[in-house]
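In what follows, a structure is listed as structure tokens, so that the remarks can point back to it.
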Amino acid sequence: MHRLPNRPLYPLACFFWLVTISSLAGAEPASLTVVTPKPNQVVQRTGFDPVAAAKEKPGHLAFGFADVALRLEPVSAPERTIWEYSVVQLTGATGRDVPWTKLDVRTESTGPVATARVPAGGWYRLEIRCRQAEVVTHRGAVEPLGVGEVFVVAGQSYATNCNDEKLTVTDPQKRVVAWNAAKSTWGVANDPQPVPDSSTDGSIWPPVGDALVKEFGVPVAFANVAVGATATSQWAPDGVLHRRLVETGKTLGTFRAVLWQQGESDVIAKTTTEKYVANVRAIRHAAATAWGIQPPWLLAKSTHHPTVYTDPEGESRVRKAIDELVARPGFQPGPDTDTLTGKYRGGAGSRRHFSALGQAKAAEMWADVLKKNLLAPHKVEEALADLHLLAPAWTSPIVHRESSVLLQTKDEGPITARLAFPAAEVLEIATADRRHRFDRDAVTLSKDGLTLTFTKSAPVEPIPARTLFVPKGSPQSYAARVGHPNESLMYHPGRWFHDRNVEITYRRRDEKIASDVIVGSLPKTAARLKAGESFTLGISGDSISTGADASVVSNAAPFQPGFAELVTAQLQARFDSRITLKNRAVGGWSVANGVQDLDKLLAEKPNLIVVAYGMNDVGRRDPKWFGDQTRTILDRIRAADKDIEVILVASMLGHGEWTATPRDMFAKYRDALKGMTGPGVALADLTAVWELMLKNKHDLDLTGNGLNHPNDFGHRLYAQAILAVLTERK
């Protein structure tokens, strides 16, 4: 007897599901209520590249985008539901439509939540639906919605509604809006602005927004927490004003900058220059810490109040304080509205602030400052929240933005990426420029959690395995392959590998997470950082330390710098310290060059020196020589100034099949450094980090040039290891 072939049998539940679908086919979709975003809301864009955008039409990703946080009221959506969203331009809008696109929705106690990628522009209608098969069961929308520029306004009366003329938004689509905290709504930013001090006359903000909309073609939003007659002491952390500032920033999530228009009350209070600087530093640092982001504070010079006082000396003290602040990280210059005198100020019969002419001129000055700010390269501290430099990949339960190239072992074969650690859940897969996110349903995670297989790789081009090694002398290659003297290795400096990287964020399934092993200590540097003191950081190293093949060097989005700048920015943000970076690294240098250059580095008067060599030294196969050269550097540093502390960096691994970087030498060179550590000398062991990461990954997954430079993720690994030495660990 022949056994009949197996046939699929639908269980009873599937039968009833099919019946349910049939019954829903003619029904109207149930309503979905969108809690956030709200009507008239503008969400801060990211990824704006003004140079590239100038060559493209609105809607191109060079104009930026936002991952808009969605929250819906609780809904009884059946199983097997597919969630989707679309973006539709309204009349007169800039940007572009987004066709129905899958949403990864998770259910929380307050209702479904998700994020939707929306291009810069607006106004838009954001539509959300869920469906079973082709039958739409629920549908909702929110409009108008914009993705553009968002600002927090803080300070005192010149920033509120205490000026002579009530102004209105003139943009035909009314794409300038203001946050009303009392009502938890967004609305067109006509005067009076919704501010907490209950002032009811005119402001300067509608024409500022109009000018920015006209210049950049995206909606603009203001969240104004300014309160008249307030000194910096009243904005101190834990006070009512500061709590409101923090809460507003948290409500926005992200925003471009804080616009600070304040100073008159500190003139009246006779605040010293030193005290004003200390007050504003404390206000900014506490707010940024609470927000978890580092938006710049643009400081207007706003000390002149001629109908209330005449105090040139007091004004000078505050103006000098602002000059000192804008020289510090986290602050940038705003307009000098003190120059608006005479006809620009209201008389005794007015609110005694700006006249109508003064409002127009102050708005023009603010708009000019903001235009320059938006067109300038953005500082790395503004992106720190997305870099996770204080959460090392090897110690964190969530690995953020781990890089991998897409390899194809056979033509028409599977396209794969590799993970350093077994993943329990993949949270995001994006291109290295951050402009494209992959549909996670189109990617399969292997049973061991270490390999991702892509059904399609676009827009990333996979690398065929047959191109990794080529005949000696081939273009874009470097000789020679270990054991194959007639073969060269693929070599592409610049953005070639960057454009072929994906970055994966995932939750690890490991039960045991490795901890940092800190070798040596830096007590003097730790004390300086804890006290918020300024100091100078010196770098002695090779091309890795110059930032070679970081995306900013390759002129590619997201324009991340190398590890030296990342470390500097993170320390400044964490400790509110002003750190002067003196980087004397040169591509191609050996540790012997570091010995020769040391006097020039010492002339910069560094308090802490990072010594990072090895990549160009391992080919000598002489760890004793390497150790002797490094010890010479340490001895000469101590002789010059015993208070200078040092971080020794054990190099990342070079390509395992390149004859110039023998793999077995890296650990021996690292061990030569270990014996030099102790109080005042610490080791950042990137050799161990690379050994750990490459247990499951390919050499090309971490490289910026195919051989011996890190990519953006690799530079973040460097920064994470150095910061682990410098920051307190709980």
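The values are calculated or read from the model by the stated rules, or taken from the named source; none is laboratory data. Everything numeric in this text was worked out from a predicted model, so none of it was measured. Every residue, glycine as well, gets a Cβ built from its backbone with ideal geometry; the counts of neighbours run over all protein chains shown.
In table form, for the structure just shown:
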{"quantity": "Lone qualifier among 346, 314 - being in contact with a strand residue (DSSP E or B) (Cβ under 9 Å, 6 or more places away or on another chain) and surrounded by 15 or more Cβ atoms within 10 Å (Cβ to Cβ)", "calculated": "346"}
{"quantity": "Segment 531-542, residues that are in a strand (DSSP E or B) and either of a type in the set (A, V, I, L, M, F, W, C) or not assigned by TED's automatic domain parsing to the domain that holds residue 631 (or both)", "calculated": "535, 537, 539"}
{"quantity": "Flag for residue 677 being of a type outside the set (Phe, Trp, Tyr) and under 26 Å from the mean Cα position of the chain (by Cα)", "calculated": "no"}
{"quantity": "Given (1) in contact with a strand residue (DSSP E or B) (Cβ under 8 Å, 6 or more places away or on another chain); (2) touching a residue at least 60 places away in the same chain (Cβ under 8 Å); (3) farther than 19 Å from residue 477 by Cβ; (4) crowded, with 20+ Cβ neighbours inside 10 Å, number of the condition residue 677 does not satisfy", "calculated": "(4)"}
{"quantity": "Segment 215-245, residues that are farther than 16 Å from residue 297 by Cα and in a helix (DSSP H, G or I)", "calculated": "215, 216, 233, 234, 240, 241, 243, 244"}
{"quantity": "Where residue 101 falls short, out of the listed (1) without any contact (Cβ under 8 Å) to a residue 40 or more places away in the chain; (2) closer than 24 Å to residue 298 by Cα; (3) among the hydroxyl-bearing types (Ser, Thr, Tyr)", "calculated": "(2)"}
{"quantity": "Residue in segment 247-263 that is over 27 Å from the mean Cα position of the chain (by Cα) and assigned by TED's automatic domain parsing to the domain that holds residue 370 present", "calculated": "yes"}
{"quantity": "Subset tally (residues that are more than 12 Å from residue 288 (Cβ to Cβ) and outside any loop (DSSP other than H, G, I, E, B)) for segment 562-574", "calculated": "9"}
{"quantity": "Condition met for residue 75 (touching a residue at least 60 places away in the same chain (Cβ under 8 Å), surrounded by 17 or more Cβ atoms within 10 Å (Cβ to Cβ) and either farther than 30 Å from residue 205 by Cα or in contact with a Leu (Cβ under 6 Å, 6 or more places away or on another chain) (or both))", "calculated": "yes"}
{"quantity": "Of the criteria (1) touching a residue at least 12 places away in the same chain (Cβ under 8 Å); (2) part of a strand (DSSP E or B); (3) of a type outside the set (Lys, Arg), which one residue 107 fails", "calculated": "(1)"}
{"quantity": "Candidates 213, 220, 246 - the one that is touching a helix residue (DSSP H, G or I) at 6+ places or on another chain (Cβ under 8 Å), of a type in the set (Val, Ile, Thr) and within 21 Å of residue 365 (Cβ to Cβ)", "calculated": "220"}
{"quantity": "Residue match in segment 405-414 (condition: out of contact with any strand residue (DSSP E or B) (no Cβ under 7 Å at 6 or more places or on another chain) and free of Cβ contacts under 8 Å to residues at least 12 places away in the same chain)", "calculated": "yes"}
{"quantity": "Pairs where the first residue, in segment 643-665, is outside the structural domain of residue 486 (by TED's automatic domain parsing) and the second is among the charged types (D, E, K, R) and part of a loop (DSSP other than H, G, I, E, B), C-beta under 7 Å, 6+ apart", "calculated": "662/621; 665/621"}
{"quantity": "Every pair of residues 6+ apart whose Cβ atoms lie under 8 Å, when the first sits in segment 196-224 and is assigned by TED's automatic domain parsing to the domain that holds residue 40 while the second is surrounded by fewer than 24 Cβ atoms within 10 Å (Cβ to Cβ) and polar (S, T, N, Q)", "calculated": "none"}
{"quantity": "Single match in 169, 153, 177 (criterion: part of a strand (DSSP E or B) and more than 30 Å from residue 102 (Cα to Cα))", "calculated": "153"}
{"quantity": "Among the residues listed as 152, 113, the single one being of a type in the set (A, V, I, L, M, F, W, C), over 29 Å from residue 81 (Cα atoms) and either in contact (Cβ under 8 Å) with a residue 24 or more places away in the chain or not assigned by TED's automatic domain parsing to the domain that holds residue 344 (or both)", "calculated": "152"}
{"quantity": "Members of segment 357-388 found to be in contact with a Pro (Cβ under 6 Å, 6 or more places away or on another chain) and surrounded by 15 or more Cβ atoms within 10 Å (Cβ to Cβ), listed by number", "calculated": "363, 365, 366, 369, 380"}
{"quantity": "Segment 246-295, residues that are crowded, with 17+ Cβ neighbours inside 10 Å, part of a loop (DSSP other than H, G, I, E, B) and among the hydrophobic types (A, V, I, L, M, F, W, C)", "calculated": "255, 293"}
{"quantity": "Those residues of segment 63-88 which are among the aliphatic types (A, V, I, L, M) and in contact with an Asp or Glu (Cβ under 8 Å, 6 or more places away or on another chain), in sequence order", "calculated": "87, 88"}
{"quantity": "Options 656, 587; residue that is surrounded by fewer than 16 Cβ atoms within 10 Å (Cβ to Cβ), of a type outside the set (S, T, N, Q) and within 30 Å of residue 62 (Cβ to Cβ)", "calculated": "587"}
{"quantity": "Positions within segment 140-179 being among the polar types (S, T, N, Q), crowded, with 24+ Cβ neighbours inside 10 Å and within 32 Å of the chain's Cα centre (by Cα), in sequence order", "calculated": "156, 160"}
{"quantity": "Flag for residue 481 being surrounded by 13 or more Cβ atoms within 10 Å (Cβ to Cβ), at pLDDT 95 or above, within 25 Å of residue 557 (Cα to Cα) and not assigned by TED's automatic domain parsing to the domain that holds residue 641", "calculated": "no"}
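Residue by residue, here is whether (1) part of a loop (DSSP other than H, G, I, E, B); (2) over 30 Å from residue 700 (Cβ atoms); (3) touching a residue at least 60 places away in the same chain (Cβ under 8 Å) holds:
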{"residue": "335", "(1), (2), (3)": "yes, yes, no"}
{"residue": "348", "(1), (2), (3)": "yes, yes, no"}
{"residue": "383", "(1), (2), (3)": "no, no, yes"}
{"residue": "399", "(1), (2), (3)": "no, no, yes"}
{"residue": "425", "(1), (2), (3)": "no, no, yes"}
{"residue": "430", "(1), (2), (3)": "no, no, yes"}
{"residue": "435", "(1), (2), (3)": "yes, no, yes"}
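Every residue, every condition in (1) assigned by TED's automatic domain parsing to the domain that holds residue 459; (2) of a type outside the set (A, V, I, L, M, F, W, C); (3) part of a strand (DSSP E or B); (4) touching a Cys at 6+ places or on another chain (Cβ under 9 Å), yes or no:
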{"site": "499", "(1), (2), (3), (4)": "yes, yes, no, no"}
{"site": "529", "(1), (2), (3), (4)": "no, no, no, no"}
{"site": "544", "(1), (2), (3), (4)": "no, no, no, no"}
{"site": "550", "(1), (2), (3), (4)": "no, no, no, no"}
{"site": "560", "(1), (2), (3), (4)": "no, yes, no, no"}
